[in-house]
1. Using label points projected 7 Å from each Cα along Cα→Cβ, tell me how many nm separate Gln184 and Asp20, to one decimal.
2. Of Ser248, Ile400, Ile159, whose Cα points farthest to the positive end of the dipole of the chain (charges on the beta-carbon: +1 Lys, Arg; -1 Asp, Glu; origin at the Cα centre)?
3. Can you work out the FRET efficiency for the pair His157 and Thr66, with r the C-beta to C-beta distance and R0 = 41 Å, to the nearest 0.05?
4. For labels at Trp34 and Lys394 in the simple 7 Å Cα→Cβ model, what's the distance in nm?
5. Please compute, over every Cα-Cα pair in segment 1-59, the percentage with a separation greater than 16 angstrom.
6. Along each of its three principal axes, how wide is the spread of alpha-carbon positions in segment 121-239, in whole angstrom units, largest first?
7. What distance in nm separates the two pseudo spin-label positions at Arg120 and Ile333, each 7 Å out from Cα along the beta-carbon direction?
8. Scaled to the compact-protein estimate 2.2 N^0.38 Å, what is the alpha-carbon radius of gyration of segment 306-410, rounded to two decimal places?
Amino acid sequence: MNKASGGDGIPVDLFQILKDDAVKVLHSICQQMWKSQQWPQDWKRSVFIPIPKKGNAKECSNYRTTALISHASKVMLQILQARLQQYVNCELPDVQAGFRKGRGTRDQIANICWIMEKAREFQKNIYFCFIDYAKAFDCVDHKKLWKILQEMGIPDHLICLLRNLYAGQEATVRTGHGTTDWFQIGKGIRQGCILSPCLFNLYAEYIMRNAGLEETQAGIKIAGRNINNLRYADDTTLMAESEEELKSLLMKVKVESEKVGLKLNIQKTKIMASSPITSWEIDGETVETVSDFILGGSKITADGDCSHEIKRRLLLGRKVMTNLDSIFKSRDITLPTKVHLVKAMVFPVVMYGCESWTVKKAERRRIDAFELWCWRRLLRVPWTARRSKQSILKEISPGISLEGMMLKLKLQYFGHLMRRVDSLEKTLMLGRDWGQEKKGTTEDEMAGWHH
């Protein structure tokens, strides 16, 4: 079987073939492990495969590794995750959206957009610091991690199982030229393991608590809430109403991060402000001030105008569309299939993060023009050919337009937030007054969701 397998060499297909017999065996193994708190050595092994990410493939720094772990071990890891999750949910605040049920990058993108929108509306200055950690997941100290889990109230039995999973870990690197000898891993959280995001979130939460972010008055106040940080796993955004407050927050986080082995990558840490700001120096290194920043795959600009991101997304869509040219030239693929390909591979690239966009008339025209460009390219109709928009749409029969798809996503997200009893996103979306309690939603605010 030509399928990827972990350190034990057992492909996932084997479990699918054995069905109930495999379930009985795995159930028995998991029961024994739960009682003994010991893991089979093969289940502690990882196979690392380097994959080129970008740039020159001869440069080692341009590669990222993917880890293959035992498929059988994933059953026990799922059981552990289910037990851990209840404690993790109790300990993590709503400003952490990374790897949490019902949360995602779109939430943090929307939160930043709404904060900037409110700051502009109430003529307030706002300062952001986008923190970048140097290899955060690889620098987690195991001893400190177990201590943190204990302080967070995780049961000793679960901590013991996790500690024994990490003790005696082994890995090998596999390339096209062969495989290395097995070597020990004594630092960082396991790559490819479903428990790693939970463990890192608790590790990061410990840093923020010790930095005193919840107690400090620094931050921005919307609807009676003080917000000074937004997180997606290790991606941390600090915010404040003054340069001094932001600098104070950054120094606190830096100090507490270093205490547990995480170091800030100052070269990739950026500052963005709605008003002029001077560059800072930290430990002799300059923290760069930027006018825009890519957060969770979306471009955030200092002026809070999302038209820059819309233009960028349309350009990215054009790139994907151009890359599909060879498929569109094929006579073996039917027109409806080609239309489905555009909707599945091109439009999602353009629509990413659109839930929080304010789409003005100029942007609507751009979106419509882009959609028509896609259909003309699909049909191989040059611009010199005098064909009306209606005749092209009639031939394509796309159903809902790209703008209509965006509106649908916006309304679905709006409904998703409104159904939540209490959430950070809902507070920021509906928070009408800077520093005051929310009383209600104005017609203008509601109308903003339909444009």
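1. In this crude label model, Gln184 to Asp20 measures out at 4.6 nm.
2. The residue sitting most towards the positive pole is Ile400.
3. Values: r = 31 Å, r/R0 = 0.76.
So the FRET efficiency works out to roughly 0.85.
4. According to this spin-label approximation, the distance is 6.6 nm.
5. Details: 1083 of 1711 pairs.
Roughly 63 percent, rounded to a whole number.
6. 61, 39, 19
7. With each label point 7 Å from Cα toward Cβ, the separation is 3.8 nm.
8. Numbers: Rg = 13.5 Å, N = 105, 2.2 N^0.38 = 12.9 Å.
Against the empirical 2.2 N^0.38 Å value, I get 1.05 for segment 306-410.
Readers should treat all values here as calculations from the given coordinates under stated rules, not as data from a laboratory. Model, not experiment: these values are computed from the prediction. Glycine also receives a Cβ, built like all others from the backbone with ideal geometry; neighbour counts cover every protein chain displayed.
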